[in-house]
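In what follows, a single structure is set out as structure tokens and then discussed.
Derivation of every value follows stated rules applied to the coordinates shown; laboratory data play no part. What you see is a predicted model; the values in this text were computed from it and never measured. Cβ atoms come from the backbone with ideal geometry, glycine included; neighbour counts cover every protein chain shown.
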Amino acid sequence: MAQASFHSKHFLSDKVEHFTESVIREMTRQAMHYGAVNLAQGFPDFPAPAEIKRAAQEAIAEDVNQYAITWGAKSLRVAIARKMREWRGIDIDSETEVVVCCGSTEAMIATLLAICNSGDQVIVFEPFYENYGPDAVLSGAKPRFVSLRPPQMPDGEWSFDEQELRAAFQSNGSGSKTKAIIVNTPNNPTGKVFNRKELELIRDLCVEHNVLAITDEIYEHIVYDGSVHISLATLDGMRDRTITINGLSKSYSVTGWRVGWAIAPPAITDAIRKVHDFLTVGAPAPLQEAGAVALNLPASYYRELADRYRNRRDQLMPALEKAGFRCYRPRGAYYVMTEISAFGFANDVEFAAHLVKEVGIACVPGSSFYKHAKDGSQQVRFAFCKKPETLDEAGRKLEKLKRG
Ligand code: PLP
């Protein structure tokens, strides 16, 4: 029998040609390989709150071990609705407006799959959390990037150009329609916290062009220097055109639990629920029960969380600056974006490889947050969601780093 030559690559979907594996997760593997301090991926190296770990253990002991309702255990959905009311002043119906997913990662892609048709345009601020690019590709959408520009002054803010944003909302000539804008505030990787004026402009453009907003608010409680997190859904006219995405990972230091959610008007919730059901059936049932306990923690918990991360930021930044990095001071989230031109490397990837291998610190090359690698080629990102002693160790290692 004649045999066709077999190349497994021939069987792959075109879609996967359009993105690479996650650079952030790859840097974690490299950190393990070289025994380096991992300031790459955003996960804490300190314990999660005892009461929520206990709640998870109890849920397993009480045999909450089978599928939960596919769109989320009632206790967690009720807790999400209550927290939304108390913290953001928005009333949502836990029966019709919430989908619990496997992390906000699944909530984001399930949302895009639920709303995008092939060729729809989705606006994304750049630099962006690296998942948004592949998320758009997998859902058939075309990402349209709008630049966030780094501050010129040491203590300034990342900002965008109003005209560039307006232009992105127009159809792009090839007739594709702008379906949605993704907003991530507080922002990864820049630490930007979008202010009311910026969000009102986004609101006005969404209303004018009949576009949805998908807002990733996973760092909502991690803000510094008097910055205030504003939920886009609270702005007049946005309640019915916003999908708010959030999760347990960052607020409760449980990135491995994989529990997140989307909050959206009922018709959009219905569509997200359908996609979610066939993607994953449901998020881990006992951890959803523990999530309900987490969402009922007192306000003091969130104050302490933000204070702790502000201290960590104020510990890492001087060490980076002393070593020769230019730091862009984050106002939220737990990353610091830096500029590396003092070290004389051709690009961020070479620099990150040197840092993990020779200095013993893993960071994330800036290019992974941009569509065009050259735009991030003199930037790298550090995560500071670590124990003080981990950051001390990083500080000591940074003393080995030579300027170019
Ligand atoms: N969204 C942003 C902006 C993030 O930075 C991250 C993780 O780093 C995620 C989503 C992933 O969240 P989850 O663990 O809920 O999937």
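What to note about this one:
- Checking each residue in the stretch 110-122 for being without any contact (Cβ under 8 Å) to a residue 60 or more places away in the chain and either within 12 Å of the ligand (Cβ to nearest atom) or assigned to a helix (DSSP H, G or I) (or both) picks out no residue at all.
- Residues considered: 48, 31, 81. Of these, the only one that is within 16 Å of the ligand (Cβ to nearest atom), touching a residue at least 12 places away in the same chain (Cβ under 8 Å) and over 18 Å from residue 249 (Cβ atoms) is 31.
- Scanning the stretch 258-274 for residues that are touching a strand residue (DSSP E or B) at 6+ places or on another chain (Cβ under 9 Å) and of a type in the set (A, V, I, L, M, F, W, C) turns up 259, 261, 262, 263, 264, 268, 272.
- Residue count, the stretch 357-395 (criterion: among the basic types (Lys, Arg), within 16 Å of residue 317 (Cβ to Cβ) and assigned to a helix (DSSP H, G or I)): 0
- Residues (away from the ligand (no atom under 16 Å from the Cβ), surrounded by fewer than 24 Cβ atoms within 10 Å (Cβ to Cβ) and not β-branched (Val, Ile, Thr)) located in the stretch 234-272: 235, 236, 237, 238, 239, 240, 241, 265, 266, 267, 270, 271
- Members of the stretch 1-39 that are out of contact with any Pro (no Cβ under 7 Å at 6 or more places or on another chain) and aromatic (Phe, Trp, Tyr): 6, 11, 34
- For residue 188: the one exception among (1) farther than 17 Å from residue 135 by Cβ; (2) within 12 Å of the ligand (Cβ to nearest atom): (1)
- Matching residues, the stretch 309-360, being in contact with a Ser or Thr (Cβ under 8 Å, 6 or more places away or on another chain) and closer than 17 Å to residue 396 by Cβ: 320, 325
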